[in-house]
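Everything on this sheet refers to the single structure shown next.
All of the numbers you see were taken from the coordinates with simple rules; none came from a lab. Bear in mind that the values here come from a model prediction, so they are computed numbers and not experimental data. Cβ placement follows ideal geometry from the backbone for every residue including glycine, while neighbour counts extend to all protein chains displayed.
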Amino acid sequence: MRHPTELTDKDRQAWAALEARAAEPNAFMSPHFVLPALAHLDAGTSAVLMWIERAAGGLKQLAAVGVFRRCVASRVFPWPHLSAYQSEHTYLGGLLVDGESVRPVVESIREFLARPGCFWKGLELPKVDTSGPLAEVVQQLSQQNQLPAQLLGPQERSMLTVAHCGEDLLRESLGKKLNEINRCMRRLAEQGEVRWHCLRKDIPEASIEDFLRLEHLGWKGESGTSMRATPSGEAFFRDMVARFDRDGRALFTELRVDGRAVASTCNFVSGAMGFAFKVGWDPELRKLGPGMLNEVEFIRQIRTHCPELVSFDSGASADSFINRLWPDRRSLGLLLMPSSRLASCALTVTQRLRDSRQARQVNPEIDAIIRQVEA
């Protein structure tokens, strides 16, 4: 275990190199995201790094990185454990694991947590791909060790397959609504020359400023949830974008009218995947839907600008408008991995309590029976 402040430049480079060959691409586990988040958003958090190396050709190579908070107990894991660090802007969790080392890494973690005297009795991993290699190996090994892992609350996340993008996908996803969207684009063009831009390298300061301005307008600024709403939020954003941009892995899209940005998105690339982060648009043009127009042009043109990418993760909530545009899905859940008999028993008990509460909510007759037993 290491502290983030102990990392050298060589360590940070090794972490970024691991990200490029990870079994599950994840921009939110990139050093370019995690280190700015810890520095600006959660400066008081006592996070620790699980830093796992393997022998490769007589040299040590980084095989996995996990970033954790120490927890005495939580509602779902009522025993001392390590919980994967999640900033307020983290949309995908888990571990960053070399594609060829998933099983040995999980075995190493289990051995580390199961050693005599270890205070931590398992891992809590939020927002994990339920069908990804990590979740599959954790569950396989847990069964073998008779310490069953639990996977809670699967939720769907909209995804986009880059190879499928284009006009046909828009027609399939939007149907007749696409005609209305095209009319909005023509009406917007009546106000000036409309152009769409995809920026992938050396993001101009003007584009960063435009994004911060647009994202702060409207309800996000009013509710204090925009990047510009707090000095720490803006500092985090600028630091993070600069780090991704140095690697050519920041991706902004813009819709401009006579050179003035009216909609903008900020995205990142990790491995062969893109990750949507935040969006902003001019609320004065709300009736024309500049944010939607920007997303539609993204689907029309992304194959040209990002031919090497396989897919995009929307990072969107269940009620987001993007769910209608991006037709593919992935399932995310909370993965709990106990490393001791007592922790496993505690998880089983809490699971049974959750099941009983759900049964009571769904079936009033069961609720009445349980109340009689409790009485």
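I want the local charge near Arg238. Using Cβ-Cβ distances under 12 Å, sum +1 for each Lys or Arg and -1 for each Asp or Glu among the other residues.
Residues near Arg238 contribute -3 overall.
Which value at 222 nm does the chain reach when only helices count, each DSSP H run of 4 or more adding -39,500 (n - 2.57), with the total divided by all residues and rounded to the nearest 500 deg cm²/dmol? Taken over the chain, the calculation gives -12500 deg cm²/dmol. Of the GluC sites (Glu not before Pro) found in segment 50-120, those in coil by DSSP whose Cβ has at most 10 other Cβ atoms within 10 Å are Glu88. Residues of the chain were split at every exposed loop site, defined as trypsin sites (Lys or Arg not before Pro) in a DSSP loop with at most 10 other C-beta atoms within 10 angstrom, and the longest piece left, sites excluded, is 177-375.
Pairs from the list Lys127/Lys220; Lys127/Lys201; Lys60/Lys201; Lys10/Lys278; Lys60/Lys127 with a Cα-Cα gap above 26 Å: Lys127/Lys201; Lys60/Lys201; Lys10/Lys278; Lys60/Lys127. Apply the a/c threshold of 1.5 to the C-alpha gyration tensor of segment 204-295 and tell me whether it is rounded, prolate or oblate. Here segment 204-295 falls in the oblate category. For Thr265, neighbours were defined as the other residues whose beta-carbon sits under 9 Å from its Cβ, and their charges (Lys and Arg +1, Asp and Glu -1) total -1.
With a ≥ b ≥ c the root eigenvalues of the C-alpha gyration tensor of segment 1-41, is it rounded (a/c under 1.5), prolate (a/b larger than b/c) or oblate? In terms of gyration-tensor shape, oblate. Our Cα-only numbers for segment 247-340 put the radius of gyration and Dmax at 15.8, 63 Å. Rg(Cα) of segment 56-174 divided by 2.2 N^0.38 Å? Normalised Cα radius of gyration, segment 56-174: 1.31. In summary, the lysines within cross-link reach of Lys177, defined as a Cα separation below 20 angstrom excluding same-chain residues under 8 places away, comprise Lys287.
For segment 134-145, the Karplus equation 6.51 cos²θ - 1.76 cosθ + 1.60, evaluated at θ = phi - 60°, returns couplings of 5, 4, 5, 5, 4, 5, 4, 5, 5, 5, 4, 8 Hz by residue, with Gly and Pro reported as x.
Here the scattering of segment 159-327 is modelled by Debye summation over its C-alpha atoms, one equal scatterer each and no solvent; at q = 0.16 Å⁻¹ the log10 of I(q)/I(0) is -0.97.
Give me the percent of DSSP beta bridges within segment 143-271 that run antiparallel, rounded to the nearest 5. Could the numbers behind the result be given before it?
On the way: 14 of 14 bridges.
Here the share of antiparallel DSSP bridges comes out near 100 percent.
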